[in-house]
Amino acid sequence: MPVEMRMWRIEGDDPRPLTTKALPAEKELHQFLLRDPSLLGMRLLVIGSEVPTPYGKRLDLLAIDTDGNLHVLELKRDRTPREVVAQILDYGSWASTLSRDEVIDIADKHLHQPFEAAFEDVFGSAPPDELNGELQLTVVASELDSSSERIVTYLRGFGVPVNAVFFSYLEDDGRRYLARSWLANSEEGAPAASSAAKKGKRAAWNGLDWYVSFGGDRPWDDARRLGFVSAGGGKFYSQTMRSLPEGARVWVNVPGTGYVAVGKTLAPARRWTEALVKVGENWVKLAEQDLIGKPHAHFDAVDDDTAEWVVPIEWLDARPETEAYWEKGMFASQHSACKLRQEFTLERLADHFGIENKAE
């Protein structure tokens, strides 16, 4: 039985059915979704409309979610169930192969600002390192016939990440309404299918650059003056700081403020009680220096996961927090340290700090 959407207005004690009408034009539904994809009940960023494919066809709408997964949205229009399902499967086979660079290229051609900035506008954070890890296919229709419902349900049973949504157009006393209904709940049936080919879907790493988050009430002036970064107080914070290798180039971000420095690690991480920093030509114990910030209780903890870990740095450029640099869409992470892959961030940091943006 095909999905059906009906609505009633309650007048006194009696329900009065609202009149369901055909949309003036299905292209109007395309424009609705282009302007506000949240009509589908999820946060999406539309990164392409009428996207050309290598097969001479144009994909109606291509969107991306907060996890970096692509959503192919195809309107049924006046095609038969077999035609529209075959078409969206064809588009899906192509979209699943798109690399990270290809996704960003499509987005940059459609959006009126850099992809990374638009992503942050919608989702409140920079895009993840991996894009297009999974794919969702959605048939969009003004009505759903029994044949379409049967085909989509059958495919979902085999793990194909396809669903159908239909919108009813209703009028009542001069007011217009749009009602939505999904064929299947997102939790039912087919999960999003992981693409077989992962090549190029994760941002490449140049083998040199690392991101460092320096915060948690640790005075940046101490780190800037004495040449170090540190983190601890729990495994989540300490383990990534301990992963920083000697000779890495680090870009330091003060959370909520911006990037303040770039430097080169001089040695692997050591516990606060044993940490050495280089002052001039000499190595000195950090714990014996005159510091603005008072050591936290965990700085001399017994277990490694809780202890504070320090990495000595030779700064190439280190600036006060008042000169911190930030642009919408730049990379940030809760991890104390991680590989910095995002080209958008690296290009802007290299230009701002006057550093050559390539591995040496």
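Below, the figures for the structure above:
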item: Yes/no for Glu327 being among the acidic types (Asp, Glu), in contact with a strand residue (DSSP E or B) (Cβ under 6 Å, 6 or more places away or on another chain), in contact (Cβ under 8 Å) with a residue 12 or more places away in the chain and open to solvent by 40 Å² or more (accessible area, probe 1.4 Å); result: no
item: Ala318 vs. criteria more than 27 Å from Lys201 (Cα to Cα), small (Gly, Ala, Ser) and touching a residue at least 12 places away in the same chain (Cβ under 8 Å); result: yes
item: Residue list for the range 164-180, restricted to those being in a strand (DSSP E or B) and not aromatic (Phe, Trp, Tyr); result: Ala164, Val165, Ser168, Leu170, Glu171, Asp172, Arg175, Arg176, Leu178, Ala179, Arg180
item: Scan of the range 294-306 for residues that are surrounded by 18 or more Cβ atoms within 10 Å (Cβ to Cβ) and of a type in the set (A, V, I, L, M), ordered by number; result: Ala301
item: Residues that are of a type in the set (A, V, I, L, M, F, W, C), touching a Phe, Trp or Tyr at 6+ places or on another chain (Cβ under 6 Å) and either closer than 11 Å to Val262 by Cβ or surrounded by 19 or more Cβ atoms within 10 Å (Cβ to Cβ) (or both), drawn from the range 338-358; result: Leu340, Leu349
item: Filtered residues of the range 73-84 (kept if open to solvent by 30 Å² or more (accessible area, probe 1.4 Å), of a type in the set (Asp, Glu) and touching a helix residue (DSSP H, G or I) at 6+ places or on another chain (Cβ under 9 Å)); result: Asp78
item: Residue check for Leu291: open to solvent by less than 60 Å² (accessible area, probe 1.4 Å), within 27 Å of the chain's Cα centre (by Cα) and either of a type outside the set (Ser, Thr, Tyr) or modelled with pLDDT under 90 (or both); result: no
item: Contacts under 6 angstrom Cβ, first residue in the range 49-60 being at positive phi, partner exposed (fewer than 13 other Cβ atoms within 10 Å of the Cβ), 6 or more apart; result: Glu50/Arg58
item: Selection count where residues are more than 19 Å from Gly216 (Cβ to Cβ) and not polar (S, T, N, Q), scope the range 278-311; result: 10
item: Every residue from the range 203-261 that is surrounded by fewer than 20 Cβ atoms within 10 Å (Cβ to Cβ) and of a type in the set (Asp, Glu); result: Asp217, Asp221, Asp222, Glu246
item: Positions within the range 53-91 being farther than 23 Å from Ser146 by Cβ, touching a Leu at 6+ places or on another chain (Cβ under 8 Å) and not charged (D, E, K, R), in sequence order; result: Thr53, Leu61, Leu62, Ala63, Ile64, Gly68, Asn69, Leu70, His71, Val72, Tyr91
item: Residue selected from the range 122-134 under the condition among the aliphatic types (A, V, I, L, M) and open to solvent by 10 Å² or more (accessible area, probe 1.4 Å), by the criterion farthest from Ala63 (Cα to Cα); result: Ala126
item: Identity of the residue in the range 150-175, of a type in the set (A, V, I, L, M) and open to solvent by 20 Å² or more (accessible area, probe 1.4 Å), that ends up nearest to Leu73 (Cα to Cα); result: Val160
item: Breaking point among (1) more than 13 Å from Ile313 (Cα to Cα); (2) open to solvent by 20 Å² or more (accessible area, probe 1.4 Å); (3) at pLDDT below 95, for Val279; result: (1)
item: Scan of the range 85-96 for residues that are loosely packed, with under 15 Cβ neighbours inside 10 Å and of a type in the set (S, T, N, Q), ordered by number; result: Ser93
item: Whichever residue in the range 1-44 is among the acidic types (Asp, Glu) and part of a loop (DSSP other than H, G, I, E, B) and, among such residues, is modelled with the lowest pLDDT; result: Glu4
item: Within the range 106-121, tally of residues that are open to solvent by 50 Å² or more (accessible area, probe 1.4 Å) and within 16 Å of Gly329 (Cα to Cα); result: 5
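The values are calculated or read from the model by the stated rules, or taken from the named source; none is laboratory data. Predicted, not measured: the structure shown is a model, and the values here were computed from it. Ideal geometry is used to build each Cβ from the backbone, glycine not excepted, and the neighbour counts take in all protein chains shown. Accessible surface areas use protein heavy atoms only, side chains included; no ligands, DNA or RNA. Shrake-Rupley method; radii C 1.70, N 1.55, O 1.52, S 1.80 Å.
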